[in-house]
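A quick write-up on the structure given underneath.
The values are calculated or read from the model by the stated rules, or taken from the named source; none is laboratory data. Just so it is clear, the model here is predicted, and its values are computed rather than measured. With ideal geometry, Cβ positions are generated from the backbone for all residues, glycine too; neighbour counts draw on all protein chains shown. Remember, those area values only see protein heavy atoms, side chains included, never the ligands or the DNA or RNA. Shrake-Rupley method; radii C 1.70, N 1.55, O 1.52, S 1.80 Å.
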Amino acid sequence: MTRDITTHEHESTDEDESVGTRTLALVSVINLTGFFIELAGGLLFGSVALISDAVHMLFDALAYMMAFGAVYTAEQYETSEEWSYGLHRLEPSAALLNGVLLIPMALYIAYEAYTRFTDPVSIDPVLTAGVAAIGLIINIVSVYILRGDEMSLNEEGAFYHLLGDTGASVAVIITMVLITVADLRIADPITAVLIAVLVIWSAIRVLRDSVSLLLERSPVPIKEVRSAISEIDSIKSVEDIHIWQICSQLTVATVRVQNHSTTLDEQHAIRETIHDQLADFGVDHATVELLETAQETASLSSHSH
């Protein structure tokens, strides 16, 4: 006889989710404002560097908007019976798109570095540095809002966008100082290449994490989980185990074990112990299936009457 025992232990609260949604929305608005400020400054002072940083910030704002849309939509369908786990799968999908957007951003920065190396432009370094400083303050405020020990995949993607944009603003300021003090115009393309490398590194990390989620890679070592469950009393063997993530904040597992239980109370105790072990590995939602031999099934049936 086979018994399916399922429990739902996902404990995300509406308050936690709404905080994440508000955070992404606020960062979106802040960075969109920064884009318009830097774009106006770049056009007014003739700074290609500042226009490039403005475009960088626009990409960031679009990334945050997509992340906000994914989180907000998932929250609206949280209790929908039509979608087994709501629409939380939108989170890694949006994060993947954000990672993809980082690639053309890096290529654009590298292209700008090349054009400035071959054809330096004449700009007003003092005013350009002043506007870039405003952009830097906006990025620092955004980083402060997103900071924390734990971030969702979307928030992590936004955070790396911010790091790249912060580096771009710092690079513009440093470049303007070097041009003003030492007329060292080659500093502009060199710092731009360094920014491009930072953006590419960020893209690789975001793409790796989002693809791992979409392809259902186990977030914890399966061998360690199997070993921990096998050590539980009355467990004969672990027949099957799968662990994957719906989104960065919802981990799911299914486990099938052979056991030596002879009463319903013993089965209940085994089930609870397995769930405790899985919880220690960060599993939020688990399905446990206990398998018994024919002899044990007969004994269990006699104790049930």
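Overview of values
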item: Distance in nm between pseudo-label sites at Val197 and Val29 (7 Å out along the Cβ direction from Cα); result: 3.8
item: At R0 = 41 Å, FRET efficiency that the Cβ-Cβ distance of Ala228 and Ile140 yields, to 0.05; result: 0.40
item: Accessible surface, segment 214-270, averaged per residue in Å² (probe 1.4 Å); result: 53
